[in-house]
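What follows is a set of notes on a single structure, which appears directly below.
The values are calculated or read from the model by the stated rules, or taken from the named source; none is laboratory data. All values reported here derive from a predicted model rather than from experimental measurement. Here the Cβ is made from the backbone with ideal geometry for all residues, glycine too, and neighbour counts use every protein chain on show.
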Amino acid sequence: MIFESCSEIRANFSDYIDGVCPAETNHSIRYHLAHCVPCAAELERYEALHSELRRLSRQQVTPQLALRLRVKVSQELHRNFFQRLMVRLDNIFKPLLLPSVTGALVSVVCIGLMLSSAAPRASDGPDVPLDLVTPPRVQLLAPVNLDDTGGQPIVLVTHVNAEGRATSYTILSGQATPSLIQRLDQMMYYSLFLPATSFGQPTSGDVVLSFRRITVRG
Amino acid sequence: MADAFRSIGVALDRTAPAVSDEAALVAELKAGSEEAFAYLLAVYQNPLFNLISHMVADQGDAADVLQNVLLKILRGIRQFNERSSLKTWIYRIAVHEASNYRRSWRRRLFHEPFSMDDESLHLSSRPAICSSDSESPYSAYEQAECQAEVKRALADLAEPYRAVVVLREIEGLSYEEIGEVLGVAEGTVKSRLRRGRETLKRKLAARLSRSL
């Protein structure tokens, strides 16, 4: 494109400084400017105006206005009654949330510390059985001869005192001959029992004993 | 006076989200997400305030207009059809709202009595002196005077030209974006920009000759 006059050239200055002229127009303008001092001065004024406008200080929203806008947007977003109520409740409870959670945690920690210091120390000795009531048990049974029982089993209920000694017994089944009773008396005298316990304390109790003669061929 | 300009948050200036993010943002906005609107505020409140400040009479009015613009965005986002970008849609609302406000302001100005002592009448013409440590009070004052003169010349421009000049020179929008914002063809944007610049150049001739 070949421009005829300065006015034609100047009509393109606005597009030229924005860089939106076609390449051919750009070329013509540059050629003209190289030979025309008044047009070059005019372009400089355009560029000075351009830079003055770009240098204008940009207006910023003040913190107060920014807050006002946030509040307005929030109010607009929560226009119905339920949403407004939720926002109000949120505003009330949110500030309390952190202190209350912290308070609860501190309370839990304090109670935990108090309980751990008040707990009884573990005993170094043998543990007391945890069962509330335990029956008497045989610790050492003296040998007894059951040859004359005829192979019938003998079942006794033995009363064991708190010291672990058999104090009496009753034959529940089997033939109670005088010689057998004598031998059973000896056995009870020499046998040792673990006494019954109640809440960890030794006490008297009954234990059932069953005897059977075992024969082995050979 | 430094703390007078203290910022309360991150506000990007001259920046808009990328197109791919913009679709997600629009979807969030349409769903009524408060976080999305907070993001929108952070990105657009300063550019919009700057644009509106150049379109209306004073800062107080600009704040009211900005609030109205945001409410219109909130109420109208569901009707946004995404044929244009979110940025140009928002700028279009801002330019229309500022034009409407200016028209109503002019009506009020001619119909309502006013006092010559009214402070607000002088606020817009008062130069804002922004001094920095590196420049002398005199050069700071001269700079403020220069800015005030340019602002006055810009405010005196007829509205169609002023809108185009502000969108191009101050907001840095492309011709195509300006056309979308104002709803005019690109050729119209070019001619309005040419005439607007020509008028400004005439009004600021003395100032421009000094700065050369």
task = Might you check whether a residue that is among the aliphatic types (A, V, I, L, M) and either not in a strand (DSSP E or B) or not assigned by TED's automatic domain parsing to the domain that holds A:Val207 (or both) occurs anywhere in region A:147-159?
result = no
message = Name the single residue that is modelled with the lowest pLDDT among those in region B:37-52 being aliphatic (A, V, I, L, M) and either more than 17 Å from A:Val71 (Cβ to Cβ) or part of a loop (DSSP other than H, G, I, E, B) (or both).
response = B:Val43
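Go through A:Leu105, A:Leu132 for me and flag whichever is among the hydrophobic types (A, V, I, L, M, F, W, C), modelled with pLDDT of 80 or more and exposed (fewer than 11 other Cβ atoms within 10 Å of the Cβ).
The match here is A:Leu105.
Filter region A:175-199 down to the residues that are touching a residue at least 24 places away in the same chain (Cβ under 8 Å) and among the β-branched types (Val, Ile, Thr) and list them by number. Explain how you work it out, then say what you get.
Of region A:175-199, the ones touching a residue at least 24 places away in the same chain (Cβ under 8 Å) are A:175, A:177, A:179-180, A:183-184, A:186-199.
Scanning region A:175-199 gives A:Thr177, A:Thr197.
What do you reckon, is A:Leu53 assigned to a helix (DSSP H, G or I), farther than 30 Å from B:Tyr175 by Cβ, within 11 Å of chain B (Cβ to nearest Cβ) and at pLDDT 85 or above?
no
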ask   = Which numbered condition trips up B:Ile170, out of (1) within 9 Å of another protein chain (Cβ to nearest Cβ); (2) out of contact with any His (no Cβ under 7 Å at 6 or more places or on another chain)?
value = (2)
task = Select from region A:62-94 the residues that are among the polar types (S, T, N, Q), more than 10 Å from chain B (Cβ to nearest Cβ) and either within 26 Å of B:Val65 (Cα to Cα) or touching a residue at least 60 places away in the same chain (Cβ under 8 Å) (or both) and list them in ascending order.
result = A:Asn80
remark   = Reported set for region B:179-200 where residues are crowded, with 19+ Cβ neighbours inside 10 Å and away from every other protein chain (no Cβ under 11 Å) is B:Gly179, B:Glu180, B:Val181, B:Leu182
inquiry  = Checking B:Ala27 against (1) more than 19 Å from A:Arg70 (Cα to Cα); (2) assigned to a loop (DSSP other than H, G, I, E, B): exactly one of these is not met. Which one?
reply    = (2)
query = If only one of B:Ser99, B:Ser131, B:Ser136, B:Ser120 is over 17 Å from the mean Cα position of the chain (by Cα) and either farther than 23 Å from A:Gln60 by Cβ or modelled with pLDDT of 80 or more (or both), which one is it?
reply = B:Ser136
request  = Please indicate, with yes or no, whether at least one residue in region A:86-102 is among the small types (Gly, Ala, Ser), surrounded by 10 or more Cβ atoms within 10 Å (Cβ to Cβ) and either farther than 30 Å from A:Ser198 by Cβ or modelled with pLDDT under 80 (or both).
outcome  = yes
task = Within region B:57-76, track down each residue that is within 11 Å of another protein chain (Cβ to nearest Cβ) and farther than 20 Å from A:Pro63 by Cα.
result = B:Lys72, B:Ile73, B:Leu74, B:Arg75
